[in-house]
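The block underneath contains the structure these notes are about, expressed in structure tokens.
The values are calculated or read from the model by the stated rules, or taken from the named source; none is laboratory data. Computed from a predicted structure; not experimentally measured. We place every Cβ from the backbone using ideal geometry, glycine too, and count neighbours over all the protein chains shown. Ligands, DNA and RNA are stripped out before the accessible areas are found, and what is left, the full protein with its side chains, is counted by its heavy atoms. Shrake-Rupley method; radii C 1.70, N 1.55, O 1.52, S 1.80 Å.
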Amino acid sequence: MVAASDPSAPHTPVLLRPILNAVAPVEGVWLDGTFGAGGYTRGFLEAGAARVIAVDRDPLAFEMAAEWAGDYGDRITMQQGVFSRMDEYAQDLDGVVLDLGVSSMQLDQAERGFSFMKDGPLDMRMSQDGPSAADLVNEAEEEIIANILFQYGEERASRRIAKAIVRAREDAPITTTLELAKLVEGCLPRSKPGQSHPATRSFQALRIAVNNEYGELFQGLMAAERALKPGGKLAVVTFHSVEDRMVKRFLTARAGAGGNANRFAPALEQAPPQFTLKSRKAIGPDAQELDENPRSRSAKLRVATRTDAPSGEIDAKSIGMPMVRGSDRCAR
């Protein structure tokens, strides 16, 4: 993958070829809700989009794009903000693409505090404002920290790690990434060759909490439903099971493919579906992509097409959104 410190270098976004194939023909106005290094925006413009509205909560993304965005003139519209508000930025879209999680641009910069492999301030804020990961680990109650680690990171040793965090912060605040990574590592068995770093799940969970990522995803899916015109395409790339479960359940429910929970109950009259599914099965990377971009190994793509049915509401719990009581105080 190209280092994010070189803004003029080509960026290879995950699953770009499968996305373009799944939504072909690419035309009209698209919204890239996770602009990052601009790989999807460039790909869609080159594939035939008339214009792309590039959305990102990180102001650095647009600073880095300044060197190449001018080549596309008014075909790119920059919008700093969150994709959960995309329907406020645009309506009657031909397509929306979302690449969830942290970007390589953010991981590559130690000072952003996302990586447990590089020493830096314990930050993790995508928007560079609001409470940081350091605020969370040094101020939140032990039970909240444990629940965040378990619900958002699926960390089985969540209570042991939370207890160690609270014990350590009594002596001095935890302020750096390597300090936290070492603390987490000390709570877990030594990892075997080929296994992920012991702090992987904990750092993922804290990042999700700090940036309210699951709340953003839930609100973003509904915003896409409101912003897309009939026939518009929604393409979402996820990197772990919780995100994929939320996207899958949302699209399945909105495509009217849920069925009756009780086969003996009277058939319920189904509301017209808001989406049709490209496929019930997620699209993963092929051998070529795995060779070119190892980051893609856990990526899953789901695509759906907007119908002309009115948009509506859906309950967050029904799509498997994890919730931690009190964690909203740590988010933006």
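Close amide-amide hydrogen proximity is noted between I76 and V52, each under 5 Å apart and 5 or more residues distant or on a separate chain (H modeled in the peptide plane; Pro and chain starts excluded). How high is the FRET efficiency between S279 and S127 when r is their beta carbon distance and R₀ equals 30 Å, given to the nearest 0.05? Here the calculated transfer efficiency is 0.35.
I need the shape label for the range 215-260. Rule: rounded when a/c is under 1.5, else prolate if a/b > b/c, else oblate, with a, b, c from the alpha carbon gyration tensor.
On the way: a/c = 1.75, a/b = 1.11, b/c = 1.58.
It is oblate, given that a/c is not under 1.5 and a/b is not larger than b/c.
Rg/Rh for the range 57-212 (Cα atoms only, Rh after Kirkwood) is 1.05.
Structural size metrics of the range 57-102, computed from C-alpha coordinates, are Rg and Dmax of 11.9, 30 Å.
Only lysines eight or more places from K118 in sequence, or on another chain, were considered; those with a Cα closer than 26 Å are K163, K182, K192.
You can think of it this way: the chain between E88 and E292 has 69.8 nm of extra reach, that is 0.36 nm per residue less the Cα-Cα gap. Considering all different alpha carbon pairs of the chain, the Kirkwood hydrodynamic radius works out to 20.8 Å. Per residue, the convex hull spanned by the Cα atoms of the range 99-189 measures out at 106 cubic angstrom.
Overall, the chain carries a charge dipole of about 1400 debye about its Cα centre when +1 sits on the Cβ of Lys and Arg and -1 on the Cβ of Asp and Glu, all other atoms neutral.
Counting only GluC sites (Glu not before Pro) that are in a DSSP loop and have at most 16 other C-beta atoms within 10 Å, tell me the longest site-free stretch of the chain. Could you put the intermediate results ahead of the total?
Values: sites that count: E27, E141, E154, E269, E313.
The longest uninterrupted stretch comes out as 155-268.
At a probe radius of 1.4 angstrom, the accessible area of the chain per residue rounds to 47 square angstrom. Based on C-alpha pairs under 8 angstrom that are at least 6 apart in sequence, the chain has a relative contact order of 20 percent. Modelled this way, with points 7 Å down the Cα-to-C-beta line, the labels at S318 and K192 are 4.3 nm from one another. Entry note: the range 19-90 has Rg to Rh equal to 0.94, where both radii use alpha-carbon atoms and Rh is the Kirkwood radius. With one equal scatterer per alpha carbon and no solvent term, the Debye-computed log10 I(q)/I(0) for the range 139-263 at 0.10, 0.18 1/Å reads -0.45, -0.97.
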